[in-house]
Amino acid sequence: MSNTNTQKQKKNVGYRLLAALFIVLSVVALLLPVKVLTGGVCGFFAVEEMSILDAVLKAFKSDFSPFLTESSLLGLVAGISLYAIVAVVLLTVILGLIAIFSGKKAPGLARAICFFMFWGFLAYGLSIIAITSYCAILEVAFDIISLALALVAFLFYLILALVKNGKSVWIEVLQFLLCVVYIVAIMLAMTHESDAVSAALADSLLCKILMLVIVAWAALNLLFGFLRIMNAKGVRGSVARYIISMFFAICCCVVFIICKLDSASYHIFSIAAALVALIQIIIVNLQLKNAQKKALKEKEESVHKTFRVEEYAEAYAYEGGPIAGIVMAKEVNPSELSIDKLPKKAETAGYDFFNCKSFDPFIAMLDGQERREFTELFILRWKGVMPEIPDYVVGGDNEEFFRKLFIYLGQYRDRIPSGLLGKIYQYSTKQMF
């Protein structure tokens, strides 16, 4: 029993160590100084530097709000992204402890930890960049720590995906990076010269709602792209996603036209997003074509495996002299049909392919002489029986006939004219491949 338990505990040691590493990183992240948005009274935010733990404690000490910002839309985004990191840290600790004490579930839990850590720290880092870009009075701020932790989580997520799915992951990594370029282009279209954008959107509620939908879709598209890295199957579903992305990028251009924005940079970023979506559509179509070729090749190989190799022995007449002690046996039941008595030409008794009720693609490719020879050999059997070869059914399924014919070809080769044999070979290879 002790040996069995020791072997079980040694399973997935690497995944357990990785889970322990992420527990340490997530706890340390709470103590590192990061960029935090505060204030926001009348739309004026400030950027301070403090640890996430200090920011949460400071927010709870406040009497009017659980956030360090006002209750506007941007303030809510900043506050929610801050608490999202706290939730991710708690989730990482819980899942990490389960992974350490449960070796069987460690691989799946390690992938889940990487997933949540990446999105938690990335969402916080992007929220800082987006809000400071949108507010004209603030300089664009980059929280290096949260973005670096997101990058570390992404690299480990990529390694785990390679271990699980192999080289097929790389094409999905490329698609994910294109999703990142897509959302960056959409965000730049909205935040570049943000005063003009906010003033234009203020006059049209419909355009404002549409822009929020476009941003939400860009974030959702990024999430789907990240999930595809770990699950490389199901390429067909990505086609619709990239088509929707291209549609929303075009809608972004339409919104700017309706709002009468004079700056060309908005249209440039929107068109860039549409081009990125177009590239993704082209890539996924190439993936589908390669998948179809691979499936066809596998199907052909499976068909080839169904053919059985049958051995046979050819009988040849002994042409030597008499052998001492061996007497030639006489034929007990003399055959009524001998080679010398075979008719020189078979009468087909009115058999005419063009008047046949069933269309036969093989007989259709024969000329008159070859059709007569084939009829004599395999339909009327005028040149002797061939018990190993099944009867040929005009207009029917004759796959077994052609297969057996080639298996026993050496036995009956002298009966089949070369021209007819060439047509049989040409037809059989065409049907097989």
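Judged by the mean number of other Cβ atoms found within 10 Å, the most tightly packed of the peptides 269-280, 120-131, 144-155 leads the ranking 120-131, 269-280, 144-155.
Overall, the ratio between the Cα radius of gyration of the stretch 70-176 and 2.2 N^0.38 Å, rounded to two decimals, is 1.26. In the stretch 113-159, inverting the average of 1/r over every pair of distinct C-alpha atoms gives 11.0 Å as the Kirkwood radius.
About its Cα centre, the dipole of the stretch 367-423 is roughly 180 debye, where the only charges are +1 on Lys and Arg Cβ and -1 on Asp and Glu Cβ.
Only the coordinates and a few stated rules stand behind these numbers; no lab work does. Quantities reported herein were computed from a predicted structural model and do not represent experimental measurements. We place every Cβ from the backbone using ideal geometry, glycine too, and count neighbours over all the protein chains shown.
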